[in-house]
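Chemist: Dumping the structure here so I can ask a few things about it.
The values are calculated or read from the model by the stated rules, or taken from the named source; none is laboratory data. All of these numbers come straight from a predicted model, not from anything done at the bench. Cβ placement follows ideal geometry from the backbone for every residue including glycine, while neighbour counts extend to all protein chains displayed. The protein model used for the area step is the full one, side chains on, heavy atoms only, and it has no ligands, DNA or RNA in it. Shrake-Rupley method; radii C 1.70, N 1.55, O 1.52, S 1.80 Å.
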Amino acid sequence: KLSEILQQWEPDSSVTPQQPNNKIYNAADIQSALAHHELVNYYQPKVSVETGDVIGAETLVRWHHPKDGIILPDRFIRIAEENNLINDLTHQVLQQAIAQAKQWHEKGLTLRIGINVSMDNLASLDFQDFVVNLVTENGLPPQKIVLEVTESQLMGIDTRIPLEILTRLRLKRFHLSIDDFGTGHSSLSQLRDIPFNELKIDQGFVHRASEDDTLRAIYDASLAMGKQLGMDVVAEGVEDRNDWELLRQTGCDMAQGNFISKPLLPDDFPRWMEEWQNKVHT
Ligand code: C2E
Ligand code: CA
Ligand code: CA
Ligand code: CA
């Protein structure tokens, strides 16, 4: 029984190295990071709640700063967006992620790789061409690439062109995911128009939802909406056994969070996966 086996699962609780400062980075800093290829992709597993199988991984970028240590994306993504650097940034992240996906696929690890896409990336058709070419050149099936877009960005004012680009990518069989669901005020009717494959319930409504009625109500409603629209529902921010049990009891499809694994460097991923699978398949 998976739930009993996972009674013994002890996640690696070591944390990302402390950030040593509160420095505010500017456009020139980010430009330099891009020029010197200091951005490094980490990968956080997404697992099936029913079987424990590892279905995929989300790409989460970190800046390996030569002096300041490891910088998390909340400190530079928005600045990149505001300074016209997000296209370069996303291109670098995508190139790394697709090369990694190819390497894993060649080894038989046919993971779905999730990549965070900013609304600014969807402003012109160039992005579509870039992604399609990259995936074709590397011989990857597009359905193994999941483009994650946040619900709040999607509900912005002028989303006509971005939605068209997403729809074209969907027609080319890429998978689309609606991220941070529950924070962006979309409605069932709006969601019906967009061909998403996956809905990610925001971590703010997952952790402790089994103990808090308000969180639980939002979690339940999000799960129901995703299911009703035929999407795979992923719960983010699964931090402890209570969170995991809630997903199991309510029939959520997939789980992602520190209870399963923190985001990993690619070299650490296969080792983690072996350990996890030994645990869930004994
Ligand atoms: P997100 O897409 O919602 O990613 C999930 C975030 O939750 C990640 O933060 C992840 O490290 C964190 N997380 C994972 N498990 C747990 C858990 O159990 N508990 C808690 N409290 N948090 C958990 P991270 O890596 O700091 O990234 C923050 C945000 O930055 C991401 O949120 C995403 O919106 C953005 N981001 C990350 N990489 C990229 C990228 O390559 N491009 C763009 N445009 N945005 C990115
Ligand atoms: Ca995401
Ligand atoms: Ca999210
Ligand atoms: Ca988030």
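Chemist: Please list, short to long, the whole-number percent of alpha-carbon pairs of the stretch 181-282 in consecutive 10 angstrom bins beginning at zero.
Modeler: Taking every Cα pair in the stretch 181-282, the percentages come to 15, 43, 29, 12, 1.
Chemist: Per residue, how much accessible area does the stretch 117-223 have with a 1.4 Å probe, in Å²?
Modeler: Per residue, the stretch 117-223 has an accessible area of 47 Å².
Chemist: On the protein heavy atoms, probe 1.4 angstrom, tell me the percent of accessible surface of the stretch 59-123 carried by carbon and sulfur.
Modeler: The computed percentage sits at 45.
Chemist: Still on this model: If amide H atoms are built 1.01 Å from N in the plane of the peptide, which residues on other chains or at least 5 residues away come under 5 Å of the amide H of GLY69?
Modeler: Excluding prolines and chain starts, which carry no amide H, there are no hits.
Chemist: Related question: Nearest 5 is fine: what % of DSSP beta bridges in the chain come out antiparallel, could you say?
Modeler: Close to 40 percent.
Chemist: Can I ask one more? Around PRO11, what is the net charge, scoring Lys/Arg as +1 and Asp/Glu as -1 over all other residues with Cβ under 14 Å from its Cβ?
Modeler: -4
Chemist: Of THR282, THR90, THR136, THR250, which has the most accessible area and how do the rest follow, probe 1.4 Å?
Modeler: Ranking THR282, THR90, THR136, THR250 by accessible area, largest first, yields THR282, THR136, THR250, THR90.
Chemist: Arrange the residues GLU274, GLU245 by how much accessible surface each exposes, largest first, with a 1.4 angstrom probe.
Modeler: So, going from the largest accessible area down, we get GLU274, GLU245.
Chemist: How would the chain be classified by its alpha-carbon gyration tensor: rounded, prolate or oblate, with rounded meaning a/c under 1.5 and the a/b versus b/c comparison settling the rest?
Modeler: Note, shape of the chain comes out rounded.
Chemist: Expressed as a whole number of Å, what is the distance separating the alpha-carbon centroids of the stretch 102-153 and the stretch 26-61?
Modeler: 13
Chemist: Okay, next question. Within the accessible area of the stretch 132-282, what % is carbon and sulfur when the probe is 1.4 Å and the other protein chains stay in place?
Modeler: 46
Chemist: Take the alpha-carbon centre of the stretch 165-241, take the same for the stretch 256-282, and report the distance between them in whole Å.
Modeler: Taking the Cα centre of the stretch 256-282 as reference, the centre of the stretch 165-241 is 23 Å away.
Chemist: Rg/Rh for the stretch 76-206 to two decimals, with Rh computed the Kirkwood way over all alpha-carbon pairs.
Modeler: Here Rg/Rh amounts to 0.96.
Chemist: Now a separate question. Sorted by mean Cβ packing within 10 Å, highest first, what order do the peptides 204-211, 126-133 take?
Modeler: 204-211, 126-133
Chemist: Return the FRET efficiency for the residue pair HIS36, ALA217: r is the Cβ-Cβ distance, R0 is 51 Å, and the value is rounded to the nearest 0.05.
Modeler: 0.60
Chemist: Next question. In the chain, how many lysine pairs have Cα atoms under 19 Å apart, counting only pairs 8 or more places apart or on different chains?
Modeler: Close lysine pairs found across the chain: 17.
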